[in-house]
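Everything on this sheet refers to the single structure shown next.
The values are calculated or read from the model by the stated rules, or taken from the named source; none is laboratory data. Given the structure is predicted, the values throughout are model-derived calculations rather than measurements. No Cβ is skipped: glycine too gets one built from the backbone with ideal geometry, and neighbour counts run over all protein chains shown.
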Amino acid sequence: GQQVMQIPQYQHVQEGEDFTTYCNSSTTLSNIQWYKQRPGGHPVFLIQLVKSGEVKKQKRLTFQFGEAKKNSSLHITATQTTDVGTYFCAARNYGQNFVFGPGTRLSVLP
Amino acid sequence: GAVVSQHPSRVICKSGTSVKIECRSLDFQATTMFWYRQFPKQSLMLMATSNEGSKATYEQGVEKDKFLINHASLTLSTLTVTSAHPEDSSFYICSASRPGSNQPQHFGDGTRLSIL
């Protein structure tokens, strides 16, 4: 079946530093979604990528979908303490359900 | 924005008890809802896909008779953990999305189930 991997598992950064998490799939994807889960909270949808090579930005967050549609990345510029949480990618094969990656837990030290 | 309500948020009960968890989409009709289980500091594990008016689709390894799902209306899906045991203790979370294949999932606040 489809496997979705995310690296790193954990990331500790100093406030102001950049952060990147990578999502990789064993199969070609139809689309990919990114979610953020704050400690004690539920996942919240951030963005969806559909096109090969697509890049989308949300303020300090930059999302990219690989050319082969097998990987994606989320980059945060100049992290803030409000960025703390676990970032999940959810990858979807054509006609199938989304599969969530294991997540990257981000800690931001003030 | 879309809102999904999940109730109860926390349940503590004795072993052998059956527990029902409700998931409601408050401002849109959801033909499909999803039920996940999340262990501490781990990812979301899809348990089943709840389809309005038809049987739920369970993921491999999830016991249908243990985790009963009913999706009787376009705004309500329920998950019943039957004869719960301590190993069923976990965080259960539902999600719903608007009709369409590329819609985002909107999650409920989750239910923390503790079986004594």
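Here are a few things to note about the model shown:
- Matching residues in region B:93-105 - criterion: being within 7 Å of another protein chain (Cβ to nearest Cβ) and more than 16 Å from B:Phe39 (Cβ to Cβ): B:Asn102, B:Pro104, B:Gln105
- The single condition among (1) at pLDDT below 95; (2) within 20 Å of A:Gln37 (Cα to Cα); (3) surrounded by fewer than 15 Cβ atoms within 10 Å (Cβ to Cβ) that B:Arg10 does not satisfy is (1).
- Scanning region B:13-37 for residues that are surrounded by 14 or more Cβ atoms within 10 Å (Cβ to Cβ), more than 9 Å from chain A (Cβ to nearest Cβ) and closer than 20 Å to B:Lys66 by Cβ returns B:Cys13, B:Thr17, B:Val19, B:Lys20, B:Ile21, B:Glu22, B:Cys23, B:Met33, B:Trp35, B:Arg37.
- Hey, A:Thr86 surrounded by 21 or more Cβ atoms within 10 Å (Cβ to Cβ) and modelled with pLDDT of 95 or more or not: yes
- Unmet criterion (only one of (1) closer than 23 Å to B:Lys41 by Cα; (2) surrounded by 17 or more Cβ atoms within 10 Å (Cβ to Cβ)) for A:His75: (2)
- Count of region A:82-91 residues which are at the interface with another protein chain (Cβ under 10 Å from one of its Cβ atoms) and over 15 Å from A:Pro8 (Cα atoms): 1
- Options A:Thr21, A:Thr86: the member that is outside any loop (DSSP other than H, G, I, E, B), among the β-branched types (Val, Ile, Thr), in contact (Cβ under 8 Å) with a residue 24 or more places away in the chain and within 18 Å of B:Tyr36 (Cβ to Cβ): A:Thr86
- In region A:97-110, the qualifying residues are those that are surrounded by fewer than 21 Cβ atoms within 10 Å (Cβ to Cβ) and either more than 17 Å from A:Cys23 (Cβ to Cβ) or touching a Ser or Thr at 6+ places or on another chain (Cβ under 6 Å) (or both), and the one that is nearest to the other protein chains (Cβ to nearest Cβ) is A:Pro102.
- Breaking point among (1) out of contact with any Leu (no Cβ under 6 Å at 6 or more places or on another chain); (2) within 14 Å of chain A (Cβ to nearest Cβ); (3) modelled with pLDDT of 95 or more; (4) more than 19 Å from A:Pro39 (Cα to Cα), for B:Val81: (2)
- Checklist (1) closer than 27 Å to B:Pro99 by Cα; (2) buried (at least 16 other Cβ atoms within 10 Å of the Cβ); (3) within 14 Å of another protein chain (Cβ to nearest Cβ) applied to A:Gln64, failing item: (3)
- Of the residues A:Tyr10, A:Tyr35, A:Tyr94, the single one that is touching a residue at least 12 places away in the same chain (Cβ under 8 Å), within 10 Å of another protein chain (Cβ to nearest Cβ), more than 30 Å from B:Thr57 (Cα to Cα) and not hydrophobic (A, V, I, L, M, F, W, C) is A:Tyr10.
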